[in-house]
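The values are calculated or read from the model by the stated rules, or taken from the named source; none is laboratory data. This is a predicted model, so every value here is computed, not measured. A quick note on method: Cβ atoms are made from the backbone with ideal geometry, for glycine too, and the neighbour counts reach across all protein chains shown. Each accessible area value is taken on the protein alone, full model and side chains, heavy atoms only, with ligands, DNA and RNA left out. Shrake-Rupley method; radii C 1.70, N 1.55, O 1.52, S 1.80 Å.
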Amino acid sequence: MRITVTVDGTKYTDEVEPRTLLVHHLRERLGKVGTVVGCDTSNCGACTVHLDGHSVKSCSVLAVQADGCEVTTVEGLARDGKLHPVQQAFHDNHALQCGFCTPGMIMQSIDLLADNPDPDEQAVREGLEGNLCRCTGYQNIVRAVRDAAQQMSPGAGPEAERIAENKHVGVGGD
């Protein structure tokens, strides 16, 4: 089956088997290996990407379901060589240990912040409950999300960056 998907701002047209999972299409056909295969059962959230601006577990979406859609992976978040504020906050707050869950956590965190730009600790924990981390205990992840929320809030950072960020949250390109 022929599909066309825009991934991280680039349009791809490919022949795929109808049973191919989006996570496998992204990794094996498009080389987007930052999207991690964790459990293939949608339990861990490591494979989280944005599909038309909303987080989905790409192990539970068929590639054919993404036909005509925009997909953003963790590799598509940086702009002009600068990390997305959530990526930077994860780095600054040491919100990872082994790093396996990090791409999915970052993608889910961006979706969470789009829905709730100023979450308290409980809201962050609830917003990330579908993403598992086996290493950190979540304290630094929660801290990173709250830090990113402050960095992305009105009045934080250059005006142009906030405008560009609001335009690109969850969108694969310009």
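Here are the numbers:
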{"read-out": "Under 22 Å, Cα to Cα: Lys pairs in the chain, sequence gap 8 or more or different chains", "value": "6"}
{"read-out": "With Cα atoms, 0 to 90° folded angle of helix 159-168 axis to the chain main axis", "value": "30"}
{"read-out": "Calculated P(r) tail over 25 Å for the chain, as whole % of Cα pairs", "value": "29"}
{"read-out": "Most mobile listed residue (GLY81, GLY34, GLY127) in the chain, GNM with C-alpha springs under 10 Å", "value": "GLY81"}
{"read-out": "Computed E for THR13/VAL33 - FRET, C-beta separation, R0 25 angstrom, nearest 0.05", "value": "0.75"}
{"read-out": "Percent carbon-and-sulfur accessible area, the chain, ignoring ligands, DNA and RNA, probe 1.4 Å", "value": "49"}
{"read-out": "Other-chain or far-sequence residues with amide H under 5 Å of CYS69's (modelled H)", "value": "THR6"}
{"read-out": "Within the chain, helix-based [θ] at 222 nm, where runs of 4 or more DSSP H residues each add -39,500 (n - 2.57), nearest 500", "value": "-9000 deg cm²/dmol"}
{"read-out": "Accessible area in square angstrom per residue, the stretch 1-60, 1.4 angstrom probe", "value": "48"}
{"read-out": "Long-range amide H partners of LEU21 with built H, under 5 Å", "value": "ALA63"}
{"read-out": "Debye equation applied to the C-alpha atoms of the stretch 5-76, log10 I(q)/I(0) at 0.11, 0.26, 0.27 Å⁻¹", "value": "-0.20, -1.29, -1.41"}
{"read-out": "Rel. contact order, % - alpha carbon contacts under 8 angstrom, at least six apart, the stretch 1-74", "value": "40"}
